[in-house]
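Structure first, commentary second.
Only the coordinates and a few stated rules stand behind these numbers; no lab work does. Just so we're clear, the structure is a prediction, and the values are computed from it rather than from any experiment. Glycine also receives a Cβ, built like all others from the backbone with ideal geometry; neighbour counts cover every protein chain displayed.
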Amino acid sequence: MSVAQPRLSFAKRVVNNRWFLRFAGLLVILALWEYMFSGGRINPIFSAPPSAVVQTVPDVLADELYFPALLSTLKLFSMGFGIAAVLGILMGLLLARVRLLDAGLTPYLNALYASPLPAIIPILTAVLGYTFQTKLLIVVLLAIFPILINVHQGARSVDGTLLEVARSLRVSESRLWMDVIIPSSLPFLIVGLRLGAARGMIGTAVAELYTSPDGLGYLILRYGFRFDMDAMLVVVLTFTGISLLLSWSTGLLERRVRRWRVTTA
Amino acid sequence: MSTASARLRQRTEHTDWPRLAFIGSVFVIVLVIWQGYVSLIYDRPIPLPTPGSTIDAFIEMSQTGELWQASFESAQVLLLGSIPGILLGIVLGLVIGGIPPLNTSLAPYIYAFYATPFPALIPIFVLLFGLGNTGKAMIVFTLVVTTVLLQTIAGVRNVDARFLEVARAFGSSPTRTLVEVHLPASMSFIVAGIRLAIGRALVGVVVAEFDTALSGLGALIFRYSGRLALSHAFVPAVVFSITGILIYVSLKSAEKRLEKWRQLG
């Protein structure tokens, strides 16, 4: 916003409507995409210009496998994310509360967060088999760390004044948690949930493509074997849609909580 | 500035030895429990990796040279994709972030692409660019460009308005302002972008190598897991993990320093 200021006089006249700009941007991107994928620049088997992708949408939706696949993907994601959220919050609070655990484990949790965890997927499937539980474990492993780490940070960064006031009023431990620590770490929790949901979707996609194929991941592979690039892209766009919906809704929650926090401070 | 560096020196001089010793002993305890569990209690037919067997596998794989060969292949893909990706990401980010109408019209779509769970795109890249290094490097490149691009835009849009006013008052040209004001002022965002990008790229490389199972550390993990030689599969996974952690730690510390420097202004 601060950047816009000196340029405003230039920008003001050219564009006032951001929806116009967004529409124009979309048109340019679609035109470029169409240009790149048509006219024999790419092997016609793999050619997937937007015009063809749009025409394939009804076919993919009519595929009797599509909606069951979507449901199965949503089920895997929401179960994995739910487990990650509950465990992540509990472990994050526990770490913030017990100093010994914090000192001993936090470096390792950060290390796991920085590691490319999908590297152990073949090992997990070898040990646990090609089961739903393996997939669930992959989603949980990817989604849990941002949640855990953010809750931990949030619970540790509670305003000292608030804690002092609570102590001087001799607030009980449980009320201290309910009324001070949890509310003030809520913004951190929501950031953690947003990041965790994004990573959870990555985990879902990896699990569905690289263990026993299932859900939307299976559809991508199936259309891939037929070299049906248009249909593959429709499925990928479904993944995009789910992720955007998740990021949009958690973003909304984030803004709401932040506003609420400002008014109470 | 001098106080900041003095504080930094003081911090490094007083290493918290008891804390480090505690963290180290937690590591040893976890390894002992792990080794003990697998060799004394675990009795299912699939041999789990233990710290001991992993070290044996590491020695064997480094003597035959396959570990180094595979590391070299993975590193090649990673560098081939990420260096051009970082450079292009910064340049595009400066341009798009520096021109507000361009940002309004393009950023939503870049974000939508970024939000797509990227493993779902890997089969498409393999179809388009083949099973060789080109396809994998393209995956890395795409992941890195989008991540660095979005972070650079965020950095450019957070540049202190005072700097821009000064630049304008001295009659600096827009290009010069972009290179000499926006670029250094958004350095901490760019480094954060590179850190996130490499994290995603590592996952991209390992998953793409599963997909093709031909070369690189990912292929080693995949093949050894298939033969149930899980200790051998675990070694390349650890290499990936250490790479991820080292990159995370070094870029994070650079980021913190740059952020401090940015806020001094």
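Helical content alone sets the calculated 222 nm signal of the protein assembly as shown at -27000 deg cm²/dmol, taking -39,500 (n - 2.57) per DSSP H segment of four or more residues and averaging over every residue.
Hydrophobic long helices, here whole DSSP H runs in chain A with Kyte-Doolittle means of at least 0.0 and Cα atoms spread over 18 Å or more along the helix axis, are found at A:18-37, A:50-62, A:66-97, A:99-114, A:132-156, A:182-210, A:229-264. Of all segments of chain A bounded by trypsin sites (Lys or Arg not before Pro) found in a DSSP loop with no more than 10 other C-beta atoms within 10 Å, the longest spans A:42-169.
Taking all C-alpha pairs of chain B, those more than 30 Å from each other amount to 46 percent. Charged side chains reduced to their Cβ positions (Lys and Arg at +1, Asp and Glu at -1) give the protein assembly as shown a dipole of some 1980 debye around its Cα centre.
Most mobile of A:Leu71, A:Leu253, A:Leu32 per a Gaussian network model of chain A (Cα springs, under 10 Å)? For chain A, modelled as a Gaussian network with Cα springs under 10 Å, the answer is A:Leu32.
Counting, for every residue in B:125-132, the Cβ atoms of other protein chains within 10 Å of its Cβ and taking the mean gives 2. Within straight-line reach of B:Lys136, meaning a Cα separation under 12 Å, sit the following aspartates and glutamates at least 8 residues removed in sequence or on another chain: B:Glu73, B:Glu209, B:Asp211. Axis of helix B:66-98 versus longest Cα principal axis of chain B: the two differ by about 20°, to the nearest ten degrees. For the residues of B:105-111, the average number of beta carbons from a partner chain within 10 Å of their own beta carbon is 5. Projecting label points 7 angstrom from Cα along Cα→Cβ for B:Arg19 and A:Leu163 puts them 1.5 nm apart. Ignoring lysines fewer than eight residues from A:Lys135 along the same chain, the ones with Cα atoms less than 18 angstrom from its Cα are A:Lys75. Across all directions, the average flat footprint of the convex hull enclosing the Cα atoms of the protein assembly as shown is 29.4 nm². Here, P(r) means the percent of Cα pairs in each 10 Å bin from 0 to the largest distance; for region A:114-242 it is 12, 29, 24, 16, 12, 6, 1, 0. The distance from the alpha carbon centre of region B:154-178 to that of region A:52-99 is 43 Å, rounded to a whole number. Tilt of helix B:230-264 relative to the longest C-alpha principal axis of chain B, in degrees (0 to 90, nearest 10)? Compared with the principal axis, the helix lies near 20 degrees. Rg over Rh for chain A works out to 1.07, using Cα positions for both radii and the Kirkwood form for Rh. In summary, the convex hull built on the alpha carbon positions of region A:27-119 has an orientation-averaged projected area of 10.7 nm². Counting Cβ atoms of other protein chains within 10 Å of each residue's Cβ and taking the mean over peptide B:151-158 gives 1.
Note that region B:92-226 shows a convex hull volume over its alpha carbon atoms of 111 Å³ per residue. Longest stretch of chain A clear of exposed loop sites (chymotrypsin sites (Phe, Trp or Tyr not before Pro), DSSP loop, at most 16 other Cβ atoms within 10 Å, sites excluded): A:131-226. The chymotrypsin sites (Phe, Trp or Tyr not before Pro) of region B:120-184 meeting both criteria, a DSSP state outside H, G, I, E and B (loop) and at most 13 other C-beta atoms within 10 angstrom of the site's C-beta, are B:Phe170. Against chain B, whose longest principal axis is taken from its Cα atoms, helix B:51-64 shows a tilt of about 80°.
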